[in-house]
Structures are given as C-alpha cells and as structure tokens.
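The values are calculated or read from the model by the stated rules, or taken from the named source; none is laboratory data. Quick caveat, the model's predicted, so the values are computed rather than measured. With ideal geometry, Cβ positions are generated from the backbone for all residues, glycine too; neighbour counts draw on all protein chains shown. We work out accessible area using only protein heavy atoms, side chains counted, and drop any ligands, DNA or RNA first. Shrake-Rupley method; radii C 1.70, N 1.55, O 1.52, S 1.80 Å.
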Amino acid sequence: MHLEFWLKEVYPKIVKDLGLDVEKDRISTKIMAELGRGKLLPTDVLKFIKGRDVVVLGPLAKSLDFKWDVLITAGKSILNYDVIPHIHVTDGEEGWKILKKLEEEGCIIVLHAHGDNIELLKEIVPKLGRLVATTQVEPINGVYNFCGFTDGDRAVVIAKHFKARSIRLVGFDFEKADGLKLKKLRWAEYILRMEGII
C-alpha cells in the first residue's frame, strides 16, 4: 500500500468509523520524535526480512510447532508465549518491562505512536535503548508510516514492505472480539485483504 493512498483513502475512513482524533495522532508522533532523539533506528535494520519466510504471531496460537526464518510478534500477543521474536510490533500496551527485556535479548522493537498512547510513549521510550518508530499519520523525523492500523496488520504490512518471500499469519481470529475491538479487527482484516495477504 502506498503512503499517499493510506493517508488519503484508508486512514480517513478509519478515523470516521472509530472517531479517532487526527490531531492527537499527530501530537503523539511529534512526542515520539522528540523522546526518541538519538534512539530511532533507520529502516535499514528491517531489510533482513527480504527474501525470507516470515511468521506473524497473533495471540491465539495453540503451539509454536512450525518453522520460520523471521518471527514477528504483535502487541500483547507476546504475553502468551515464551519466545524472543526477531521483531516485535506494538503500541506499547504490554508495558516497558516486557519491551526492555525483548530489546536486551536482541529483538527489534517497532513502537507505534497514536493519540491514545501518549502517556505510554512518555513512559516507554526513555527506557528503551533503540527502536523503530511508526505512526499512522504523516511521517516525521525518523518516525515512519508503513501503513497498517492494528499491531497485527501493521506487522504484516511491514513484512510485505520489506519484501518477505512469504508471510504466514498464526494465531489470528478477526471475529473473536466485540465492540470497539471487533471494529478494529475488521479494519485489520480489510487491510490484509487489500494487501492480498488473506
């Protein structure tokens, strides 16, 4: 998905459907850029994905009895497994202690800025050594927009952006929720279908 299409077509529809505050998303992005000064990694660190078989792990996998070249976990799904992924894509809800441990074990943290996690960013970013920063609005100062909305679909879009040979989703169910969570999952499913992943 091209960034221009995301910003002009997809993101505005999500904003309207979920009642998001675009300006708060922008404020969060600026805070991420300021707090992350000297810590934000370039996208080059993700180029090792190219040509490799990627598994994106959601919260519902019954086991990890499968193979991967690159393992990417999404958000709080990491709490369900005893595994250190190559990349962890999140908006920080699992807390800084988990993210710090992952970083210390060699995992690349991809941390997302949006209007509802400003306080989390203020807590997490100072605790981390290095991270890749993302946003869902206009990218600025080392904060990138790869497109994608939830942690799960954003992880997949990142794998596709960096030209993974294959992308397999494990532990995802886009119907297993209700209320606002279900609406978010429906958008994740929409994005992944648009990207030809599911």
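For region 1-78, lysine pairs with C-alpha atoms less than 25 angstrom apart, excluding pairs fewer than eight positions apart on the same chain, total 19. Grab the DSSP H runs of the chain that are 4 residues or longer, score each as -39,500 (n - 2.57), total them, divide by all residues and round the 222 nm result to the nearest 500 deg cm²/dmol. That comes out to -10000 deg cm²/dmol. Here region 140-198 and region 66-115 have alpha carbon centers that stand 15 Å from each other.
Per residue, the convex hull around the alpha carbon atoms of region 1-50 comes to 112 Å³.
Where the accessible area of the chain is counted over protein heavy atoms with a 1.4 Å probe, how much of it, in %, is carbon and sulfur? With neighbouring chains kept in place, the figure for the chain is 50 percent.
For GluC sites (Glu not before Pro), the sites in region 96-162 that DSSP calls loop and that have at most 13 other Cβ atoms within 10 Å are E105.
Ordered by 1.4 Å accessible area with all protein chains kept, H161, H86, H112 run largest first as H161, H86, H112.
With every protein chain kept in place and ligands, DNA and RNA left out, what is the accessible area per residue of region 144-184? Probe 1.4 Å, answer in Å².
Values: 2010 Å² over 41 residues.
Per-residue accessible area for region 144-184 comes out at 49 Å².
For region 104-198, applying the loop criterion from DSSP together with a ceiling of 14 other beta carbons within 10 Å to the trypsin sites (Lys or Arg not before Pro) yields R130, K163, R165, K176.
Of the candidates P12, P59, P85, which one comes out as most mobile in a Gaussian network treatment of the chain with C-alpha springs shorter than 10 Å? Top of the fluctuation ranking is P12.
Note on W68: accessible area is roughly 80 Å² with a 1.4 Å probe, heavy atoms of protein only.
Please report the antiparallel percentage of DSSP beta bridges with both residues in region 7-147, rounded to the nearest 5. Around 5 percent of the beta bridges assigned by DSSP in region 7-147 are antiparallel ones.
Solvent-accessible surface of region 1-82, taken per residue with a 1.4 Å probe and all protein chains present: 57 Å².
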